[in-house]
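Below: the structure, in structure tokens.
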Amino acid sequence: MSVHDLIHVFRADPTNVGDWYCPPGRYFPFGSRNACDILSVQSHDLPRRVILGGGCLMMPFFESHVRRVFEPTASGHRRIVIGWGVGQGMSADIENGFVAPYEGPPSPFIDDFDLLGIRDFGTQHCWVPCVSCMHPAFDVAYETVHDIGVFEHKRIPINIDYFPKSSNDGNDIESAVRFLASCRIIITNSYHGAYWATLLGKEVLAFPFNSKFYGLKHPPAFCEPQKWESNLDRVRAFPTALSECRAANINFYKQVSYLLNQEADPESYV
């Protein structure tokens, strides 16, 4: 396979650290780091093989863009599309900062993939959490210096000012992880804030403004933003979360490599 015949498509937003570090090409050797932002996808420009993800791409906002990935190539060939760590976000309420779990139909293109690893746990599809768990920042030994910290989504402020605060703004994952690691409990409305804090062994209280939060295999305690104080005693840690998430990604890499006729040793990437 030519390295020019493969591209990684994801939400390439350098102002959102979770989106920026979600493509598997950052962590596994595919021979190609060709990448494209999902919002600028033009079907005729894409090669025959596409790795889509990660990120919350199974939501109405991205539907028309994702559909282009499944269109035939410029020469009329069927495209091979792999979904890696993609997730649903079919309902949201930014104003109130809280939604119930989504119970409606799945994304319309969920059955179109040649191989699909979905980050939402408990579906009929292979569970593959966000590949950012492979980042070496999670192997650093950090000191816990704060009892509680707040990690907010850059567009949805959390009105709690009693504790140290950070956000998902920017593309510095080391800084984000360092902040999350410095706290025993994390209060957040950021998906990756909740996910990364859990990987670090922290206890998490999350405000799910989008249904994507409910797909986390190691779920935070959920509540409405104004009820955070009465829900702090519901938080818990998941000591095996990092190893479980990395194992799932390594196993999926093996499946992807087989499909793409590539050979590499994934164990060397842990």
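Values quoted throughout were computed directly from the atomic coordinates according to the rules given, and no laboratory measurement underlies them. None of the values given here were measured: they were computed from a predicted structure. Quick reminder, even Gly has a Cβ in these numbers, built from the backbone with ideal geometry, and neighbours come from all protein chains shown.
Sort the following peptides by mean Cβ neighbour count (other Cβ atoms within 10 Å, averaged over residues), highest first: 223-229, 252-258.
Sorting 223-229, 252-258 by mean packing, highest first, produces 252-258, 223-229.
Percent antiparallel among DSSP beta bridges with both residues in the range 136-241, to the nearest 5?
Taking every DSSP beta bridge within the range 136-241, about 5 percent pair in antiparallel fashion.
Just to verify a number: FRET efficiency for SER257 and HIS44, C-beta to C-beta distance, R0 = 22 Å, to 0.05? Please list the in-between numbers first.
On the way: r = 28 Å, r/R0 = 1.25.
Between SER257 and HIS44 the formula returns 0.20.
Assuming R0 = 30 Å, what is the FRET efficiency of GLU103 and ALA237, from their Cβ-Cβ distance, to the nearest 0.05?
The value I calculate is 0.55.
If the chain between ASP5 and ARG184 were fully stretched, how many nm would it gain, using 0.36 nm times the residue separation less the Cα-Cα distance?
The span from ASP5 to ARG184 would gain 59.9 nm if fully extended.
With r defined as the distance between the Cβ atoms of LYS227 and SER175 and R0 fixed at 22 Å, what FRET efficiency is calculated, to the nearest 0.05? Could the numbers behind the result be given before it?
Values: r = 30 Å, r/R0 = 1.34.
Once rounded, the FRET efficiency stands at 0.15.
Give the shape of the range 136-241 as rounded, prolate or oblate, defined through the alpha-carbon gyration tensor: a ≥ b ≥ c are the square roots of its eigenvalues, a/c under 1.5 means rounded, and otherwise the shape is prolate if a/b is larger than b/c and oblate if not.
rounded
Rounded to the nearest 500, what is the chain's calculated 222 nm mean residue ellipticity when only DSSP H runs of at least 4 contribute -39500 (n - 2.57) each, over all residues?
Helices in the chain give a 222 nm mean residue ellipticity of -5500 deg cm²/dmol.
Which Cα, out of ALA12, TYR258, TRP127, lies furthest along the positive dipole direction of the chain (beta carbon charges, K/R +1, D/E -1)?
The listed residue farthest towards the positive side: TYR258.
So, by mean Cβ neighbours within 10 angstrom, what's the order for 58-67, 211-220, 139-148, 92-101 with the highest one leading?
211-220, 58-67, 92-101, 139-148
What ranking do 125-132, 158-165, 188-195 get when scored by the average of other Cβ atoms within 10 Å per residue, highest first? Mind showing how you got there, number by number?
Numbers: 125-132: 23.4, 158-165: 12.8, 188-195: 27.1.
The densest-packed peptide leads the list: 188-195, 125-132, 158-165.
Can you tell me the dipole magnitude for the chain around its Cα centre, using point charges on the Cβ only (Lys, Arg +1; Asp, Glu -1), in Debye to the nearest 20?
That gives the chain a dipole magnitude of about 340 debye.
Roughly speaking, what is the centre-to-centre gap between the range 240-260 and the range 179-236 when only Cα atoms are used, to the nearest Å?
Here the two parts' Cα centres lie 24 Å apart.
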